[in-house]
Amino acid sequence: MPKNKIKINVKEKLEDNVLDLSLSEIDDIPIKDIAAVKRATVLDLSSNNIKFLPKNFGTQLSHLHRLDLSKNQLRFLPDDFGNLVNLKHLDLYNNYLEQLPVTFGKLTKLKYLDLKGNPLSLAVQKVVGPCLSNKDCQEAARKIVPYYVELGKKIEIEMRKKAEREAKQRELEAEKQREEKRLAKKAARKERVILDRQRKAKEKTFEENHNNENDGSDDKTLKIIKNKSLVQSFASMNLMKSIKFVLLITMLFIMIYLIFYKFSLYRFDAILSLLPDNERQILNTFFHKFNESIKKFLNSKFIA
């Protein structure tokens, strides 16, 4: 079962400017009640069960001149402990502190510091000394403040360097990302160029094939035209030959007609008289039919 919290009437513990809350079995500091008592510049919280201080402890109690936190179970002090800027006397005897906050360097009015009975780090022990006497505690107060001032400067420098390194790292990462984007864009452009070249090559190949097909078609067409021309030439030649042959026959008939009809008709009759009757009759019939045919032919060609 958890222990019931002990309700403390803070104002009843106030005497003049001293607020004595020692030996009160306190494990949770009533910070608001203490801060309300502005007249208290001396606060005694020794010999309690305090394991930690509230985070706003130094901010709300910045008016304190003297603070006794000895014989508690403190393992660390809050960062705002340095806001106790008016503090002159600080007793942290017999706790579990190993380090002090860097803000300790702000306690410029500190004149007395007792850190005996704490498992301090070697560096802090070396600064504060054994604190075996009042003079040792005064010397500890005198040395501890500049030590944490310098430590604060070193930490600030380290933090600034760390921030610069982080900023530089972020810039490098940003530059890397920009470079990756640039390379990606370059690769994309290169790929587009390659694809465009491939497309143009395909179009050129297609066009060449199409032109070759057209050339083949043209060749075939030319061959067909040539063949037709040859056929027409042969036909024309045959026609001319036919016409020449007809004209030649016609001229032959005309010559025969002129020879036998116009100039030698009397000779033909003389020849017929020498033949026998049957042959004479046949030749006479043939001659008259041939004569009529020649007349008709001549009439049809020249009269028309």
(request) Among the residues of region 18-34, write down those that are surrounded by fewer than 15 Cβ atoms within 10 Å (Cβ to Cβ) and of a type outside the set (Asp, Glu). (result) VAL18, LEU23, LYS32
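Mind telling me which of the residues LEU132, LEU120 ends up being at pLDDT 95 or above and under 20 Å from ASN94 (Cβ atoms)? Explain how you work it out, then say what you get.
Working: LEU132 fails: at pLDDT 95 or above.
Residue meeting the stated conditions: LEU120.
Would you be able to say whether some residue in region 141-148 is in a helix (DSSP H, G or I) and in contact with a His (Cβ under 9 Å, 6 or more places away or on another chain)?
In the first step, residues of region 141-148 are kept if they are in a helix (DSSP H, G or I); the result is 141-148.
Next, only the ones that are in contact with a His (Cβ under 9 Å, 6 or more places away or on another chain) stay: 141.
Yes, region 141-148 contains a residue that is in a helix (DSSP H, G or I) and in contact with a His (Cβ under 9 Å, 6 or more places away or on another chain).
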(request) Using the structure shown, decide if ARG182 is at pLDDT below 95 and either in contact with a Ser or Thr (Cβ under 7 Å, 6 or more places away or on another chain) or of a type in the set (Lys, Arg) (or both). (result) yes
(request) Give just the number: which of (1) under 21 Å from TYR148 (Cβ atoms); (2) under 60 Å from the mean Cα position of the chain (by Cα) does LEU69 not satisfy? (result) (2)
(request) Return a yes/no flag: does region 51-65 have any residue that is free of Cβ contacts under 8 Å to residues at least 40 places away in the same chain, under 20 Å from ASP136 (Cβ atoms) and surrounded by 19 or more Cβ atoms within 10 Å (Cβ to Cβ). (result) no
(message) List the residue pairs whose Cβ atoms are under 8 Å apart, where the first residue sits in region 67-81 and is of a type in the set (Ser, Thr, Tyr), the second is part of a loop (DSSP other than H, G, I, E, B), and the two are 6 or more positions apart or on different chains.
(response) SER70/SER46; SER70/SER47; SER70/LEU92; SER70/TYR93; SER70/ASN94; SER70/ASN95
(message) So LEU113 ticks every box in (1) outside any helix (DSSP H, G or I); (2) farther than 28 Å from ALA40 by Cβ but one. Which box is left unticked?
(response) (2)
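Listed here are the residues, each with its yes/no results for (1) of a type in the set (Asp, Glu); (2) surrounded by fewer than 16 Cβ atoms within 10 Å (Cβ to Cβ); (3) within 28 Å of ASN17 (Cβ to Cβ); (4) in contact (Cβ under 8 Å) with a residue 12 or more places away in the chain.
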site: LEU97; (1), (2), (3), (4): no, no, yes, yes
site: LEU100; (1), (2), (3), (4): no, no, yes, yes
site: ASP114; (1), (2), (3), (4): yes, no, yes, yes
site: LYS153; (1), (2), (3), (4): no, yes, no, no
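Please determine whether any residue of region 33-51 is under 19 Å from LEU97 (Cβ atoms) and either modelled with pLDDT under 95 or β-branched (Val, Ile, Thr) (or both). Before you say what the answer is, go through the steps one by one.
Going residue by residue through region 33-51, those that are under 19 Å from LEU97 (Cβ atoms) are 43-51.
Now restrict to residues that are either modelled with pLDDT under 95 or β-branched (Val, Ile, Thr) (or both): 50.
Yes; the residues of region 33-51 include at least one that is under 19 Å from LEU97 (Cβ atoms) and either modelled with pLDDT under 95 or β-branched (Val, Ile, Thr) (or both).
The values are calculated or read from the model by the stated rules, or taken from the named source; none is laboratory data. The structure presented is a predicted model; accordingly, all values stated were derived computationally and were not measured. Glycine gets a Cβ as well: all are built from the backbone with ideal geometry, and neighbour counts include every protein chain shown.
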